[in-house]
Amino acid sequence: QGRAEGDRPVTTPRHAGRLLLTNPENLRPKETTLLEKIAAACPEMTQLANLIRGFAALLKPAEGNDVKLTEWITAARAVVLPQLHSFTNGLEIDRAAVDADLTLPYHNGRTEGVNTRTKRIMRQMHGRAGFDLLRHRILLP
């Protein structure tokens, strides 16, 4: 259908991003092979894949992750990827909150879930009903 290499499927940027962001243990063998080909395409992709895996390891809260984050930021700034530099700058701006998130076991996931559910109910009502109906729908389940 007009492709230069019709026997080979096209890998979209979205698919490549999903492969990079998925835990390698959860990939099928075919996807692992494709990820290796993508990472080997250029040195920047190999560095990006390694940095993504390193950052993903930090996302599980544990003691010492703040020191590991400093090392990760240093490694990320050594790579010539401007978008990654912007990300590291954002991490540094709110470093206290990032350190707390990476080291403490506490989170506000349940609160955010309730907020999301409330907003969804409000959108479904299209602003047609008052507070009494909204209260009833929230407390119903």
Regarding the stretch 28-36, can at least one residue be identified that is of a type outside the set (Val, Ile, Thr), surrounded by 14 or more Cβ atoms within 10 Å (Cβ to Cβ) and touching a residue at least 24 places away in the same chain (Cβ under 8 Å)?
no
Filtering the stretch 47-63 down to residues that are open to solvent by 30 Å² or more (accessible area, probe 1.4 Å), touching a residue at least 24 places away in the same chain (Cβ under 8 Å) and under 15 Å from residue 103 (Cβ atoms) yields 59, 61, 62, 63
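Just to be sure, is residue 105 open to solvent by 50 Å² or more (accessible area, probe 1.4 Å) and touching a Ser or Thr at 6+ places or on another chain (Cβ under 8 Å)?
On the way: open to solvent by 50 Å² or more (accessible area, probe 1.4 Å): yes; touching a Ser or Thr at 6+ places or on another chain (Cβ under 8 Å): no.
Criteria not met by residue 105.
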Residue pairs within 8 Å by beta carbon, gap of at least six or interchain, first lying in the stretch 80-93 and free of Cβ contacts under 8 Å to residues at least 12 places away in the same chain, second of a type in the set (A, V, I, L, M, F, W, C) and in a helix (DSSP H, G or I), listed first then second, are 85/76; 87/76
Under 7 Å between Cβ atoms, which residue pairs at least 6 apart in sequence (or on different chains) link something in the stretch 109-120 that is surrounded by 10 or more Cβ atoms within 10 Å (Cβ to Cβ) with a partner that is part of a helix (DSSP H, G or I)?
118/138
When you go through (1) more than 29 Å from residue 101 (Cα to Cα); (2) surrounded by 15 or more Cβ atoms within 10 Å (Cβ to Cβ); (3) of a type outside the set (A, V, I, L, M, F, W, C) one by one for residue 43, which number turns out not to apply?
(2)
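The values are calculated or read from the model by the stated rules, or taken from the named source; none is laboratory data. This is a predicted model, so every value here is computed, not measured. Every residue, glycine among them, receives a Cβ derived from its backbone with ideal geometry; neighbour counts consider all protein chains shown. Remember, those area values only see protein heavy atoms, side chains included, never the ligands or the DNA or RNA. Shrake-Rupley method; radii C 1.70, N 1.55, O 1.52, S 1.80 Å.
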